Amino acid sequence: MTRFLIVEDHPLFREALESAVCVAIPDAEIFQAASIDEALEVLSSTHQIDLVLLDLSMPGTIGLSGVMRIRKAFPKSPIVIVSGYEDLEIVQSVLALGVSGYIPKSTSKRELTDSIGEVLRGTIYLPKRYREAARTRRPRVDNRELLKSLHDLTPQQLRVLDMLRRGLQNKQIAYELKICETTVKVHVSDILRKLNVFSRTNAIIEISKIDFASLICSPPVKHQVSERIET
């Protein structure tokens with residue numbers, strides 16, 4: 001069973017998010033929290049939360065402090081920000097913390113539902129307008145920079161990346177590596193973040209000209225509720 005944690009202090013928007021989750025994953029188990037402290041309690045007492053849907057503006061938080069507390073305490077828990085802030089600089093700052101996506105609260109319910117499904121498949125989700133803006137602001141990465149990024153991956157992440165390159169799905173990767181599918185999703189999200197790409201396809205394109213087999217054997221180098229979302 002897929003488990004979600006919705007961290008949102010607005011009751012109506014919690015209901016809207018729960019409705020979107022139920023459409024995406026009908027048999028999902030959903031937990032709710034109205035503060036960061038409540039969220040940490042749920043994460044501490046519940047086995048394997050597959051996805052945290054988190055609002056940035058929570059009681060007792062300033063700026064990115066809420067997401068940073070959860071990332072620090074539970075670094076392997078995938079987090080998607082669902083926020084009323086739509087400034088690109090805020091989005092990029094949150095992505096740098098290693099979250100699995102950023103969804104504005106103005107997003108339609110259908111797109112919200114689709115984005116949840118994408119994240120569960122290991123994609124870092126951003127609305128199209130953010131992806132395009134991020135690409136125009138990022139410098140073109142040459143092969144040397146790409147190699148540095150690949151060396152930031154752990155040996156297990158390199159194995160997962162090689163399997164992605166060969167077209168394997170999360171369930172197949174989990175079977176091959178003898179790990180749970182949730183762990184594969186975490187690895188995929190980390191890989192996309194470290195390679196500074198937004199999807200498996202982008203990652204595969206980036207590494208297509210690299211001698212991947214030699215890298216696997218190498219040690220890593222240290223170095224208010226929107227009316228568009230209906231309840």
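What follows draws every value from the coordinates through simple rules; no lab data is involved. Note that the structure is a prediction, hence the values are computed from the model and not measured. Reconstructed Cβ throughout: ideal geometry from the backbone, glycine too, with neighbour counts over all protein chains shown.
Odds and ends about this structure:
- Relative contact order computed over the range 3-134 (Cα-Cα under 8 Å; 6+ residues apart), in percent: 23
- Estimated FRET transfer efficiency (VAL23, TYR85; beta-carbon r; R0 25 Å; 0.05): 0.55
- By the compact-protein rule of thumb, 2.2 N^0.38 Å, the alpha-carbon radius of gyration of the range 1-140 corresponds to a ratio of 0.98.
- FRET efficiency for ILE179 and LEU12, using Cβ-Cβ distance with R0 set to 41 Å, rounded to 0.05: 0.60
- Residue exposure proxy: LEU43, LEU53, ordered by other Cβ atoms within 10 angstrom of their Cβ from fewest to most, comes out as LEU43, LEU53.
- Cβ-based net charge around CYS22, under 12 Å, with every Lys or Arg adding one and every Asp or Glu removing one: -3
- Which of ARG14, ARG69 has the fewest Cβ neighbours within 10 Å, and the rest in rising order: ARG69, ARG14
- Given LYS72/LYS185; LYS105/LYS128; LYS76/LYS171; LYS109/LYS194; LYS109/LYS171; LYS128/LYS178, the pairs whose alpha carbons are separated by over 25 Å: LYS109/LYS194; LYS109/LYS171; LYS128/LYS178
- Extended-chain gain in nm, criterion 0.36 nm per residue less alpha-carbon gap, GLN172 and ASP37: 45.0 nm
- Residue (of ALA20, ILE70, ALA33) at the positive-pole extreme of the range 3-134, dipole from beta-carbon charges: ILE70
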